[in-house]
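Undergrad: Shown below is the structure under consideration.
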Amino acid sequence: MSFVISGSLTYINLGLVDGFVGIWMIGWGKSFVVAYPTLLLLFPIVSKLAKAICKE
């Protein structure tokens, strides 16, 4: 997800400039450093919340 979003935002902000892929990869690396630990921390909480809301 962070890969697609960082690519989309790079394109929106810069367009197809020279070095686009390199700029995108730098942006993706930075976003992945934030996104992955956030996923690991929040997934159990969100999962429990969803199970509590959707009890059968």
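The values are calculated or read from the model by the stated rules, or taken from the named source; none is laboratory data. This structure is a prediction, so every number in the text was calculated from the model and none was measured. Neighbour counts run over all protein chains shown; Cβ positions are idealised from the backbone, glycine included.
Undergrad: Just wondering, is there one or more residues in the range 2-10 that are without any contact (Cβ under 8 Å) to a residue 12 or more places away in the chain and surrounded by 13 or more Cβ atoms within 10 Å (Cβ to Cβ)? Lay out the reasoning, then the answer.
TA: Of the residues in the range 2-10, the ones without any contact (Cβ under 8 Å) to a residue 12 or more places away in the chain are 4, 8.
Next, from what is left, pick out any that are surrounded by 13 or more Cβ atoms within 10 Å (Cβ to Cβ): none.
Checked the range 2-10: no residue is without any contact (Cβ under 8 Å) to a residue 12 or more places away in the chain and surrounded by 13 or more Cβ atoms within 10 Å (Cβ to Cβ).
Undergrad: Within the range 30-56, can you find the residues that are among the hydroxyl-bearing types (Ser, Thr, Tyr) and modelled with pLDDT of 90 or more?
TA: Tyr36, Thr38, Ser47
Undergrad: Still on this structure, please answer the following. Select from the range 3-24 the residues that are small (Gly, Ala, Ser) and closer than 20 Å to Ala35 by Cα and write down the one among them that is nearest to the chain's Cα centre (by Cα).
TA: Step by step, filter the range 3-24, then rank; the result is Ser6.
Undergrad: Within the range 15-54, can you find the residues that are free of Cβ contacts under 8 Å to residues at least 24 places away in the same chain, closer than 12 Å to Ser2 by Cα and of a type in the set (Gly, Ala, Ser)?
TA: Gly27, Gly29
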